[in-house]
Amino acid sequence: MYLLNRIQRHRVNYTWMIVSLLLVASLPFLLFLGLYLKSFLLIHDYHLGDLLFSKVWKPGSGKFGFYPFIVGSIWVTLLAMLISAPICLLTAIYVTQYTRKRFLRIMHPAIDILAGIPSVVYGVWGILVIVPFISRFVGPLFGVQTLGYSILAAALVLSVMVIPFILNILIEVFRTIPVELKEASLSLGATQWQTVKSVLVKKALPGIIAAYGFGLARAFGETMAVLMVVGNVVKLPKSVFDPGYTLPALIANNYGEMLSIPKYESALMFAALILLAVSLFFNLVMHFFIDRYNKFSA
Amino acid sequence: MEPTTKIHIENLNVYAGKQQILKNINIEIPKNKITVILGPSGCGKTTLLKCMNRLTDLYPELKVTGKVMINDKNVLEAGEDIVKLRQYMGLLSQRPYPLPMTIYNNIAFGLKLKGVKKRRNLHKQVVRYLQQANLWDEVKNRLREPASRLSIGQQQRLCLARGLAVNPEIILADEPTSALDPISSQYIEEKFVELKNDYTIVLVTHVLRQARRIADFVVFMYLGEVIEQGTVEEVFGNPKMEKTKQYLGGTFN
Amino acid sequence: MKYSGKIEEKVFKILMVIATYSILAVLAIIIYSIFAKGIKALSWEILSQVPQGGYYYGKGGGILNAILGSLSLAFGATLLAFIVGLPVALYINVFLVRRKKLITLFRFILDLVWGIPSIVYGAFGFSMMILLGLQTSLLAGMLTVTLFILPIMIRSMDEILQTVPIGLSEATYSLGANKSELAFKIFTRQTVSGIITAILLSFGRAIGDAASVLFTAGYTDNLPNSLMEPVATLPLSIFFQLSSPVPAVQDRAYASALVLTLIILLVSLFSRGLGKRYHKTKINF
């Protein structure tokens, strides 16, 4: 009797596990399918190339050109990566090679807090600090009149947001490099810096690239903080001081009106589909990249 | 009098990827005796022991073929029955692994799995097995403390008590004294000699003196093969194989 | 030659120090500006009342609706994610030990799902809502956030379950336990503080995310009272108040941001304290 109960309990647990697993494993496909079906109306009626590369965005008259949003997203993302990539690399090298272990114990909570701060709070900080900083200081410095709500502001906020993400991976990458490698280089008479430059960074290069790739994918989909400081003007930006608009911001800003205009909902779902595709693509490529690299180095 | 065979191993081969770590093992382990599996480290002793209760399942790289017969059942082909079969065999590993629960529940866990339900009965048995492992006096006032607070020696005795509590017929011990202090080690050895009246004991060790002290039968292994097996007198007194002589003479490690 | 190498090292070392401390400085600036600006507008009234008539033009009231709304939404989502996530993490680590390729595949899928932006979950949740004929509601928001935090929950649990020593599995199997007993009775107990840390981490993510609840949870001035009614959330209340032209309302947005930040800090502080204690009482091998 008791044994039967044990077996029954095992069966219940097993079913619970399998059902949950299937749900989770099918999630990316469900997301893709759901968004695809929802944006089908738009994809069906328009040429894909027109959607992606037309500059005219007038939902009221049925014109859906995503180009300004795509360009805005790319500008903001690349600029943010340009700022945070060197900072993260320098910091990762510093805390793993030049400081004692104790320093990591200060660094780790700081990274965790940075990672935990909600997107909206980053947005608030952007409005409080970054936007005025740009309109009052950086803009005049370059002789530009700007309100501060700009590509640059979004990139700056975003660069801080991806730091914990990239830095965590980089620290891990540098810590997993075997000490023997370092010792071998040092014993050949290389200085600490020569070792870092020509041995460690070379060895860590695939990891560094992967960290940047993951960071980029993360930055591309960031919504609220960017939305709050980027200015949200549908226009191709000419400089980093111009306001812009990003794909996530487009979705978030217009959910209220989307049901009243035909195909508007489809258009926003299409934007979400682009984001999903970009995210999956980057993560896939980076995973295969790491995989290949691990196989070669093993 | 010829002792009856408890465990019968036939043509056992174990592969880890392309490497073969056990080669055509054929041994018989007699009932109610202490059989010591002896050999230098890395010779496959532990793997052989893990084949007996199919803990090899936990290692994705291992592939096992052959027969391990216990009570006329092939452990390797037991399917899901292995869960029951494992209760015939108590395990004592190199380092104690107490379950992440109280001292009391470490013993009660196996009892409950066996179907002991009544509280009173449970308590009685917990006390009995703790006494049997000579641990009762030390822990009777701290039964609700986590088992992790015990010393290593105490933890190993707790693991022995826990293993005995599921009422096995066989005790599989994998260098159970290697992490212990001399006094705890001596206790475990004495306990084994006492327990062999009721249990069949398989002990893996690389300590020659320990083997000589408590073994009835000895299986000498080297590089995944059984070189020689027999009674302790035969193997230690008059080894037939050159490798065995060398090992016993201490000329190789 | 050697001399220039030394200068190069010096320059880079200075750059490294600057980079490292600038990160710490930025963190300090963020915390400081949120506190300095938020504390001025923070009052008992804001914490204890729902918006009164004309609240968004500067009249009285507070954000209790958003605080309680966010807490209940995050609690519900975390609970659901735990119910779905724990068995998945256990399955991967106990049932699949012999299937290395499957383990790699599932971890890969989870990492993929982890990387998907929350706005995509929001859009997906919204389209599902329409499909099922649901209104924006606590339930819809909760389900969407559950999907969003699931990979975070599972992967963090997975990381901690991987630390369970194989000897413990061997010991448990030898006592005659089956796989699900090993999973639910031993693995969970051995890693209990790690699991709680994973839960707290997911809770923090759930309460801080705005993009996934924007379409699905809706917004209301009422306290949460039903799964089928819209619910206010803190991130959205910050966002909405901040878009108001009235300075007094903007100030309350800053106060709300402070409240949200405090909740997040508290959660992470709690999980950190737990982590320390965890090292003291866990069974060491």
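The values are calculated or read from the model by the stated rules, or taken from the named source; none is laboratory data. The structure displayed is predicted, hence computed values, not measured ones. With ideal geometry, Cβ positions are generated from the backbone for all residues, glycine too; neighbour counts draw on all protein chains shown.
Taken as a whole, the condition of being buried (at least 19 other Cβ atoms within 10 Å of the Cβ), in a helix (DSSP H, G or I) and either within 14 Å of chain C (Cβ to nearest Cβ) or out of contact with any Lys or Arg (no Cβ under 9 Å at 6 or more places or on another chain) (or both) does not apply to B:Ile25. For the range B:35-57, a residue qualifies if it is touching a helix residue (DSSP H, G or I) at 6+ places or on another chain (Cβ under 6 Å) and farther than 14 Å from B:Asp174 by Cβ, and exactly one does: B:Arg54. If you go through the range A:128-138 and keep only what is under 20 Å from C:Ser244 (Cβ atoms) and more than 7 Å from every other protein chain (Cβ to nearest Cβ), you end up with A:Val131, A:Pro132.
Residues that are at pLDDT 90 or above, among the β-branched types (Val, Ile, Thr) and either surrounded by fewer than 20 Cβ atoms within 10 Å (Cβ to Cβ) or not assigned by TED's automatic domain parsing to the domain that holds C:Leu262 (or both) are absent from the range C:57-73 altogether. Residues in the range C:174-183 that are in contact with a helix residue (DSSP H, G or I) (Cβ under 6 Å, 6 or more places away or on another chain) and in a helix (DSSP H, G or I) were compared, and the one that is farthest from the other protein chains (Cβ to nearest Cβ) is C:Leu182.
If only one of A:Gly221, A:Gly256, A:Gly244, A:Gly213 is surrounded by 18 or more Cβ atoms within 10 Å (Cβ to Cβ) and more than 14 Å from the chain's Cα centre (by Cα), which one is it? The match here is A:Gly244. Filtering the range C:98-108 for residues that are more than 14 Å from chain A (Cβ to nearest Cβ) and either modelled with pLDDT of 90 or more or touching a helix residue (DSSP H, G or I) at 6+ places or on another chain (Cβ under 7 Å) (or both) leaves a non-empty set. Counting only residues that are under 11 Å from the mean Cα position of the chain (by Cα) and surrounded by fewer than 18 Cβ atoms within 10 Å (Cβ to Cβ), the range B:163-212 holds 0 of them. The residue list C:Val50, C:Val94, C:Val11 contains one member that is in contact (Cβ under 8 Å) with a residue 60 or more places away in the chain, at negative phi, within 14 Å of chain A (Cβ to nearest Cβ) and of a type in the set (Val, Ile, Thr), which is C:Val94. Of the residues A:Pro118, A:Pro109, only one is more than 20 Å from A:Leu152 (Cα to Cα), within 8 Å of chain C (Cβ to nearest Cβ) and out of contact with any Gly (no Cβ under 8 Å at 6 or more places or on another chain); which? After ruling out the rest, the residue left standing is A:Pro109. Within this structure, B:Glu138 fails the test of being within 19 Å of C:Ile186 (Cα to Cα) and surrounded by fewer than 20 Cβ atoms within 10 Å (Cβ to Cβ).
Tell me the helices (runs of 4 or more DSSP H) entirely within the range A:172-266 that contain at least 3 residues that are modelled with pLDDT of 90 or more and within 14 Å of chain C (Cβ to nearest Cβ). Where helices (runs of 4 or more DSSP H) fall fully within the range A:172-266 and carry at least 3 residues being modelled with pLDDT of 90 or more and within 14 Å of chain C (Cβ to nearest Cβ), they are A:201-221, A:224-229, A:247-253. Among the residues of this structure, B:Asp181 does not count as one that is out of contact with any Pro (no Cβ under 9 Å at 6 or more places or on another chain) and either at pLDDT 90 or above or among the aromatic types (Phe, Trp, Tyr) (or both).
When C:Ala211, C:Ala232, C:Ala257, C:Ala253 are checked against the criterion of being touching an Asp or Glu at 6+ places or on another chain (Cβ under 8 Å) and at pLDDT 90 or above, a single residue qualifies: C:Ala232.
Does C:Ala77 satisfy being part of a helix (DSSP H, G or I), closer than 25 Å to C:Asn222 by Cα and either assigned by TED's automatic domain parsing to the domain that holds C:Phe240 or of a type in the set (Val, Ile, Thr) (or both)? Yes, satisfied.
Looking at C:Ser193, C:Ser156, just one residue is of a type in the set (S, T, N, Q), more than 10 Å from chain B (Cβ to nearest Cβ), more than 21 Å from A:Val24 (Cα to Cα) and assigned to a helix (DSSP H, G or I), and that residue is C:Ser193. Counting only residues that are within 12 Å of chain C (Cβ to nearest Cβ), buried (at least 23 other Cβ atoms within 10 Å of the Cβ) and of a type in the set (A, V, I, L, M, F, W, C), how many does the range B:53-96 have? Number satisfying all stated conditions: 4. Each residue in the range C:196-226 was checked for being of a type in the set (Ser, Thr, Tyr), assigned to a helix (DSSP H, G or I) and buried (at least 24 other Cβ atoms within 10 Å of the Cβ), and 1 pass. Checking B:Ile21, B:Ile27 one by one, the residue that is more than 28 Å from B:Gly153 (Cα to Cα), in contact with a Gly (Cβ under 7 Å, 6 or more places away or on another chain) and of a type outside the set (S, T, N, Q) is B:Ile21 and no other.
A count restricted to the range C:116-150 and to residues that are of a type outside the set (Phe, Trp, Tyr), surrounded by 24 or more Cβ atoms within 10 Å (Cβ to Cβ) and in a helix (DSSP H, G or I) stands at 16. In the range B:38-155, counting only helices (runs of 4 or more DSSP H) that sit wholly within it, the ones holding 1 or more residues that are within 21 Å of the chain's Cα centre (by Cα) span B:45-52, B:82-85, B:103-113, B:119-132. Out of C:Gly85, C:Gly38, one residue alone is within 30 Å of A:Ile83 (Cβ to Cβ), part of a helix (DSSP H, G or I) and within 14 Å of chain A (Cβ to nearest Cβ). It is C:Gly38.
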